[in-house]
1. Can you name the number of the only condition in (1) assigned to a loop (DSSP other than H, G, I, E, B); (2) open to solvent by 20 Å² or more (accessible area, probe 1.4 Å); (3) not small (Gly, Ala, Ser) that Pro228 fails?
2. Name every residue in region 81-118 that is of a type in the set (S, T, N, Q), out of contact with any Leu (no Cβ under 6 Å at 6 or more places or on another chain) and open to solvent by less than 50 Å² (accessible area, probe 1.4 Å), in order of residue number.
3. Tell me whether region 181-192 contains one or more residues that are at pLDDT 85 or above, within 16 Å of the ligand (Cβ to nearest atom) and in contact with a helix residue (DSSP H, G or I) (Cβ under 9 Å, 6 or more places away or on another chain).
4. Output the residue which, of all residues in region 5-17 that are more than 19 Å from the chain's Cα centre (by Cα), within 16 Å of the ligand (Cβ to nearest atom) and not basic (Lys, Arg), is nearest to Gly187 (Cα to Cα).
5. Might you let me know whether region 150-159 holds any residue that is within 16 Å of the ligand (Cβ to nearest atom) and either at pLDDT 90 or above or over 22 Å from the mean Cα position of the chain (by Cα) (or both)?
Amino acid sequence: MTSLILEEVRHAFDGVVAVDGLSLEVGLGEIVCLLGPSGCGKTTSLRIAAGLEHLQQGRVSIGGAVVADGRTTSVPPEKRNIGMVFQDYALFPHLTARENVAFGLAAQPAAAARKAADEMLARVGLAAYGDQYPHALSGGEQQRVALARALAPRPKLMLLDEPFANLDVRLRDQVRDDSLTLLKEAGIAALLVTHDPEEAMRMADRIAVMRKGRIVQQGSPVDLYTRPIDGFMVRFFNEVNVLNGVVKSGYVTVTGAPLEAPGLPDDTPVEILIRPEGIAVRGTGAGGCSASIAATVHRARLMGPYSLTILRLSDGSELTARTPGKPPEAGQAVRLHLDPEHVFVFPRSG
Ligand code: ATP
C-alpha cells in the first residue's frame, strides 16, 4: 500500500512545461525528498499532490484512492487527509500557538481540540508556549508550531516545501532532526521538497532528483551517491574536479595514468569527474605505480579537520583534493592516488 502515487503528471504554465511526465510513489511511513535545482518543478509537483494546483494531465492517488485524474475526479485539498508545511510557516498571526494547532481540529469539541493541541505542542517541545502569539516566537519555534498544526489532525501524508529554509543554520539541524523523529514516531509518510542535497541525505529514505520537470534518478541516499547515472548527478551532490578525455580500449588516461571507462566505445569523448575526497596525496618516496599521478602542490589550506589542496598536473590541469589533517607544503612534488569509488567517467554531453 502506498501513501501517495503521482502518475505521468504533466503541468504547463501558459504553455511552458513545468512538470513533464513525473511519476513518483511514497510508501507508507516513507520519507521521500524531491530534490533539484531552482525552477525544476518541485513545488508545482507538491502543489499538484496537495490539490492546490489543478491537475492538467496524469493521476494522483492518496491512501489508495484516486484524488485527481485531470478529468472528472478532483478532491479538494482539505478532503485529502494531508498535512502541509511551507517555508513561510503561514501561521495565523491573530491566533495563539495553541489556537493555530487547534485550527485543523474544528470538527472536535473545543475542549478536546484544545487538549489535542496541547499534546501536539508538547510533542514538538513547546508545551509552555501555547498562549504565545507567532510574533513572540523564534523562527524555529514558529516552524515547530506549523509542524504541530499539520500533524494534529493525524494526516496519512505530510507535504513539506522547504520547511527549514528560513531557519538559522545552527537551529536547522536540530529542527530537522526533531521533525524527522516526529514523522517516524507517528509513522506518517512525507514528501519533502528541497534544493539542498545535504538536507535530502539527512532526511530521506529515498531521494528523487528532478531536472527540467522530470525525475532523472531516484533511490536511497547511498544509491544516489555511489551510483550516479550521469555527470549532473555527481555535480549536484558535490563540488567535483572535471577533466576531459577520450576512451581507448576501455580506458581513459589522466596524464598517462589509466582509469577504467567500462562499456564506452573507443574514441568516445568523456568527462572524468573526481570528487576531492577521492584523491589521496602521497609523497614521492613510496614510488609511483601506473595508476598514480605525478603532481605538484600549488596551494594548500587547512580548513579545520581537513585540508583543501590545489594540485597541478604535468599537463597544466588542476585538481582540488580534500584530505584529512594538515596540508602539504606548496611546491612539493607528490603522487596522487584516486579512489575508484569517487571517480566517474561519463560521455561528454553536447
Ligand atoms: P524553487 O526551488 O526555486 O522553488 P521549483 O523546483 O520548486 O523551484 P517550481 O516553483 O515548481 O520550481 O517552478 C517550475 C517552473 O514553473 C518555473 O520555471 C517557474 O517559473 C514556473 N512557475 C511556477 N509557478 C508558476 C505560476 N504560478 N505561473 C507561471 N509560471 C510558474
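1. Of everything listed in (1) assigned to a loop (DSSP other than H, G, I, E, B); (2) open to solvent by 20 Å² or more (accessible area, probe 1.4 Å); (3) not small (Gly, Ala, Ser), Pro228 misses just condition (2).
2. Correct list: Thr96 only.
3. Within region 181-192 (the criterion being at pLDDT 85 or above, within 16 Å of the ligand (Cβ to nearest atom) and in contact with a helix residue (DSSP H, G or I) (Cβ under 9 Å, 6 or more places away or on another chain)), the answer is yes, since at least one residue qualifies.
4. Val9
5. Yes, region 150-159 contains a residue that is within 16 Å of the ligand (Cβ to nearest atom) and either at pLDDT 90 or above or over 22 Å from the mean Cα position of the chain (by Cα) (or both).
Residue-wise test of (1) open to solvent by 40 Å² or more (accessible area, probe 1.4 Å); (2) touching a residue at least 40 places away in the same chain (Cβ under 8 Å).
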{"position": "Asp173", "(1), (2)": "yes, no"}
{"position": "Asp178", "(1), (2)": "yes, yes"}
{"position": "Leu183", "(1), (2)": "no, yes"}
{"position": "Ala189", "(1), (2)": "no, yes"}
{"position": "Val193", "(1), (2)": "no, yes"}
{"position": "Asp205", "(1), (2)": "yes, yes"}
{"position": "Gly213", "(1), (2)": "no, yes"}
{"position": "Asp223", "(1), (2)": "yes, no"}
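Here's the yes/no breakdown for (1) closer than 25 Å to Asp14 by Cβ; (2) modelled with pLDDT of 95 or more; (3) in contact with a strand residue (DSSP E or B) (Cβ under 6 Å, 6 or more places away or on another chain):
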| position | (1), (2), (3) |
| --- | --- |
| Val26 | no, yes, yes |
| Val32 | no, yes, yes |
| Ser45 | yes, yes, yes |
| Glu53 | yes, no, no |
| Gly70 | yes, no, yes |
| Val85 | no, no, yes |
| Ala90 | no, no, no |
| Phe103 | no, no, no |
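Residue-wise test of (1) more than 29 Å from Val145 (Cβ to Cβ); (2) hydrophobic (A, V, I, L, M, F, W, C); (3) over 25 Å from the mean Cα position of the chain (by Cα); (4) within 16 Å of the ligand (Cβ to nearest atom).
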{"position": "Val19", "(1), (2), (3), (4)": "yes, yes, no, yes"}
{"position": "Gly36", "(1), (2), (3), (4)": "no, no, no, yes"}
{"position": "Gly39", "(1), (2), (3), (4)": "yes, no, no, yes"}
{"position": "Leu46", "(1), (2), (3), (4)": "no, yes, no, yes"}
{"position": "Val101", "(1), (2), (3), (4)": "no, yes, yes, no"}
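The values are calculated or read from the model by the stated rules, or taken from the named source; none is laboratory data. Remember, predicted model here, so these are calculated numbers, not experimental data. Here Cβ is always computed from backbone atoms with ideal geometry, including for glycine, and neighbour counts include all displayed protein chains. The area values use the complete protein model at the heavy-atom level, side chains included, leaving out ligands, DNA and RNA. Shrake-Rupley method; radii C 1.70, N 1.55, O 1.52, S 1.80 Å.
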